[in-house]
């Protein structure tokens with residue numbers, strides 16, 4: 001027993017010694033952390049303030065004076081780099097998939113004796129729609145998502161949420177909605193997934209429903225083309241590029257304003273409730289992990305979203321080819337649809353061609369302009385010599401497209417309302433599917449789908465009515 005007692009006493013003393021050492025080390029660690037924080041945050045009388053990079057940068061980034069202009073400038077730069085940087089790889093992909101492989105596939109189909117309707121359905125329909133989506137969608141996403149993630153890794157995006165928190169709170173939404181909205185400028189489906197960072201189910205639904213008002217990369221080509229051909233033409237050539245760019249930025253800012261207004265409306269009606277408060281920790285700035293960011297952005301965002309778009313765009317291409325080639329009394333189904341919708345289109349300052357294009361090209365905004373041009377070849381007199389056949393989507397030079405638009409009696413009103421309607425129409429199929437997957441609700445998916453298009457019809461009608469009244 002004496003040996004046992006001795007062992008227990010020694011063990012007890014050892015435990016107390018270890019415990020004392022642990023507490024001493026813990027106290028030293030806490031004291032060191034407190035000293036470090038105090039050195040960064042406290043300036044003593046008569047002592048020159050120490051320089052702190054994070055604090056100095058935050059004085060600018062979160063400033064009431066400089067915070068918002070810097071944010072607008074930075075994201076304008078990101079969008080500009082995305083649009084400009086995507087032009088060359090998009091042109092290269094279009095050359096490979098459309099100008100090179102597409103004719104080769106037709107030649108191969110003729111060699112094996114494939115019937116015209118099978119080759120048209122598979123090559124001019126399914127393949128060509130997929131090729132357009134890859135050519136137009138892949139490059140901007142491959143540029144935008146890595147840049148966005150680099151800003152996130154650097155620590156800037158939490159500062160954006162900090163700057164915008166008060167504005168979104170007044171709209172009855174969550175400050176983190178600003179981050180999912182920014183992601184929506186790359187792709188609405190990715191923006192909808194990004195709403196997972198919002199803990200409140202009510203505020204997350206508001207963010208999901210309003211994400212469509214962020215002008216995704218699939219809609220930028222339509223905006224830029226129409227602004228260049230119609231808005232830029234109103235001013236001398238020297239100013240054309242600047243005015244065109246400003247008009248597109250104006251549409252994007254209008255989308256942000258609508259997002260706030262709709263958020264306020266939803267939070268005071270069907271999603272009524274108090275805006276939740278949240279503790280936003282501003283992480284330290286740190287060098288972005290470049291290669292890990294590139295890998296994560298390409299795999300987790302770009303390729304997954306692109307695959308979803310292809311899954312919906314491929315059958316849409318077949319539908320577009322079918323309605324252009326199936327005839328009733330020598331008139332194609334597409335022409336019937338255009339003539340039927342022309343009166344409705346006129347009421348809202350558009351036309352039947354544009355409305356049909358947005359109906360059949362719902363799976364992907366990237367194929368809107370090629371579909372519009374294909375439909376114009378079918379329906380506009382003297383335009384039959386352009387294009388490559390019924391149901392074959394194509395794009396021409398700016399002069400060729402402007403000639404076709406003139407033949408179709410497009411006016412400045414048509415251009416302005418097309419830019420508005422490009423912002424205010426139903427989400428693409430990929431976004432609709434993502435909404436359903438994220439909410440698990442047909443009700444909220446339907447509201448997210450039909451609310452923007454109803455707003456689009458109302459706003460375009462009001463613009464057309466006032467335009468004609470003044471004219």
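Counted by neighbouring Cβ atoms within 10 Å, the residues 369, 197 run from fewest to most as 197, 369. The Cα center of the range 114-130 and the Cα center of the range 163-194 differ in position by 40 Å. Our summary gives the range 99-178 a relative contact order of 15 percent, counting only alpha carbon pairs under 8 angstrom and 6 or more residues apart.
Among 308, 219, a tally of other beta-carbon atoms within 10 Å of each Cβ gives an order, fewest to most, of 308, 219. Once the range 417-471 is represented by equal point scatterers at the alpha-carbon sites, with solvent omitted, what log10 I(q)/I(0) does the Debye formula produce at q = 0.12 Å⁻¹? Debye output, listed in q order: -0.35.
Plainly put, the range 314-470 has a radius of gyration that is 0.99 times its Kirkwood radius, both from alpha-carbon atoms, as the Rg/Rh ratio. Neighbour counts of other Cβ atoms within 10 Å put 433, 358 in the fewest-to-most order 433, 358. Over the range 307-381, Cα pairs under 8 Å with separation of 6+ residues give a relative contact order of 30 percent. In plain terms, the bigger the Kirkwood radius, the slower the diffusion; for the range 109-158, with that radius from Cα pairs, at 10 °C and 1.306 mPa s, Stokes-Einstein puts D at 115 µm²/s. Within the range 232-365, all pairs of alpha-carbon atoms sorted by distance into 5 Å bins from zero give the percentages 2, 7, 7, 7, 10, 14, 17, 14, 9, 6, 3, 1, 1, 0. Stokes-Einstein diffusion for the range 321-364 at 25 °C, viscosity 0.890 mPa s, with a Kirkwood radius from C-alpha pairs, works out to 230 µm²/s.
Size check on the range 135-227: the Cα extents along the three principal axes, sorted descending, read 37, 28, 22 Å.
Coordinate-derived values only; no laboratory data. Quantities reported herein were computed from a predicted structural model and do not represent experimental measurements. Cβ atoms come from the backbone with ideal geometry, glycine included; neighbour counts cover every protein chain shown.
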